[in-house]
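Below is one structure, written out as structure tokens, with a few remarks after it.
The values are calculated or read from the model by the stated rules, or taken from the named source; none is laboratory data. The shown structure was predicted, so the numbers you read here are calculated from the model rather than taken from an experiment. Please note: Cβ atoms are built from the backbone with ideal geometry, for glycine as well, and neighbour counts cover all protein chains shown. To get the accessible areas, we keep the full protein, side chains included, count just its heavy atoms, and leave off ligands, DNA and RNA. Shrake-Rupley method; radii C 1.70, N 1.55, O 1.52, S 1.80 Å.
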Amino acid sequence: MQVLFSTVNTFSFQNNEMKEKLAEYKRELENELHEILSWWIQMTIDEDHGGFVGKVDHDNKIYPEAPKGSVLNSRILWAFSSAYNLTRDREYLKVAERAFLYIAENFIDKEFGGVYWSVDFTGKPLDAKKQIYALAFSVYGLSEFYRASKNENAKKMAVYIYNDILTHSYDEKFGGYIEALTRDWKQATDLRLSEKDANEKKSMNTHLHLLEAFTNLYRIWNDGSLKQRIIEIIRIFLAHIIDSRTDHLILFFDDEWNPRSGIISYGHDIEAAWLIQEAAETIGHVSLLEELKTRSVKMTEAAARGLDSDGGLWYEYDVSQQHLTRQKHSWPQAEAMVGFFNAWQLTGDEKFLKRSLQSWEFVKGHMLDKKLGEWYWGVNADHSAMKQEEKAGTWKCPYHNSRACMEVIHRIDNIFKEKK
């Protein structure tokens, strides 16, 4: 994690109100990070079967026999490793070590390589397919754990899985990465990441998180070939995934990069706006970064079309049906906090800082379960909680919300340091 290029000279800390506003934002996010991670420690550690339980529902009911997903466990590994890197709190490192050991023992496919999609509550393989999105998150989490622990096995595992991705998923003809394969790396008939997704060869979502994973791996493994892979994915975003007409992301493609989706995902727009830029900065590609800074602001403006008057970000819009999914899920609000803050740093335009702060106010007002802890999955148009959805599970993890806290804390810290 690092702070991106900032136009700090476009505002002045002679404005004490601005300085106090940022300091309060930071204090609140430090407290919220502690609250999030404390909930995960209290509610999800599985003392009976190892690792972490696979599901906790809206009312904090624990399901001890629920399947355990590799994405959930990799995101737990990343969140607690990153939190340790920020705070040096050894309790966070202890939880990260627990996650690492469980992944190494139960999710790594020791016969064919890669990671399983899921295991049962005892740790036995359940769904053994090779979903590249899941492999990406294992690389992401293992790389962050290495940064926290300097555990060489974690680094080796991250590099091995990265090579598995290149060997089996990379499309030599058209570029990019195929969504999924069977356990033994054969062609799969069902490529979908979830039931709501299109059954297509390539997706924005997998490529975004491959880019994120490769970037984090580059932080611990300064490999020239890896750098070229990062550049290639960035160029795929610029050439195919970011719609040059609208600055929204296209979500699905066939193998030749023909679009296969008309859905706008506002949360992914704002998330990609800062993640792609971060990748170019991390590898030190100056010319590409300059191009991406301009595109990042445009993508942020596109995402802002999904803002409601209450400061919340709507979930999705189907262009062909002219249908807005009138829900506000928690993870897009977290990404909005970072994405709008990033656009403020790039432009100095205070409307973006205001939007970041409004996103946080929306979270405080509607996403935090102030009685039972953690963030709701989301809320409906009338701000009622989506009670049918879980607080911990295959997709609900301490990732977007903890990352938003840590990312904004880091950025504010660096702004203060630069202004001293």
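Quick notes on this structure:
- Given charges at beta-carbon only (K, R positive; D, E negative), |dipole| of the chain in Debye: 740 debye
- Accessible surface, 1.4 Å probe, highest first, among residues Ile45, Ile236: Ile45, Ile236
- Percentage relative contact order, region 77-142, counting C-alpha pairs under 8 Å, at least six apart: 27 percent
- Charge dipole magnitude, Cβ of K and R +1, D and E -1 - region 61-206, Cα centre, debye nearest 20: 340 debye
- Ranking Ser194, Tyr63, Ala302 by how far each Cα lies toward the positive end of the dipole of the chain (charges on Cβ) leaves Ala302 at the top.
- Relative contact order, percent, region 119-228 [alpha-carbon distance under 8 Å, six or more residues apart]: 32 percent
- Loop chymotrypsin sites (Phe, Trp or Tyr not before Pro), region 216-268 (other Cβ atoms within 10 Å of the site Cβ: 12 or fewer; DSSP): none
- Among the trypsin sites (Lys or Arg not before Pro) within region 232-307, those in coil by DSSP and having at most 10 neighbouring Cβ atoms inside 10 Å are Arg245.
- Per residue, the average separation of C-alpha pairs within less than 8 Å and at least 6 apart gives the chain a relative contact order of 19 percent.
- For Lys227, the lysines whose Cα falls under 17 Å of its own Cα, not counting residues fewer than eight places away in the same chain, are Lys155.
- Kirkwood hydrodynamic radius of region 122-241, from inverse mean 1/r over distinct Cα pairs, in Å: 14.8 Å
- For Glu316, the amide hydrogen comes within under 5 Å of the amide hydrogens of Thr325, Gln327, counting only partners 5 or more places away or on other chains and with H modelled in the peptide plane.
- Of all the options Ser320, Ser118, Ser70, the one that moves most in a Gaussian network model of the chain with Cα springs shorter than 10 angstrom is Ser320.
- Relative to the Cα centre, the charge distribution of region 57-106, modelled as +1 at Lys and Arg Cβ and -1 at Asp and Glu Cβ, gives a dipole magnitude of about 180 debye.
- Lys pairs under 23 Å by Cα in region 1-144, provided they are eight or more residues apart or on distinct chains: 13
- Pair-distance profile P(r), taking every C-alpha pair of the chain, with 20 angstrom steps and integer %: 27, 63, 10, 0
- Computed [θ] at 222 nm, helices only, for the chain once each DSSP H run of length n ≥ 4 contributes -39500 (n - 2.57): -17000 deg cm²/dmol
- Put simply, the amide H of Lys391, placed in the peptide plane, has neighbours under 5 Å in Val56, Asp57, His58, leaving out anything fewer than 5 places away on its chain.
- Residues considered: Thr189, Thr206, Thr215. Largest GNM mean-square fluctuation over the chain, using C-alpha springs under 10 Å, is found at Thr189.
- Fraction of accessible area attributable to carbon and sulfur, region 296-420 (%, probe 1.4 Å): 45 percent
- In a DSSP loop and with at most 15 other Cβ atoms within 10 Å, there are no GluC sites (Glu not before Pro) in region 346-420.
- Region 152-173 and region 323-364: distance between their alpha carbon centers, rounded to Å: 34 Å
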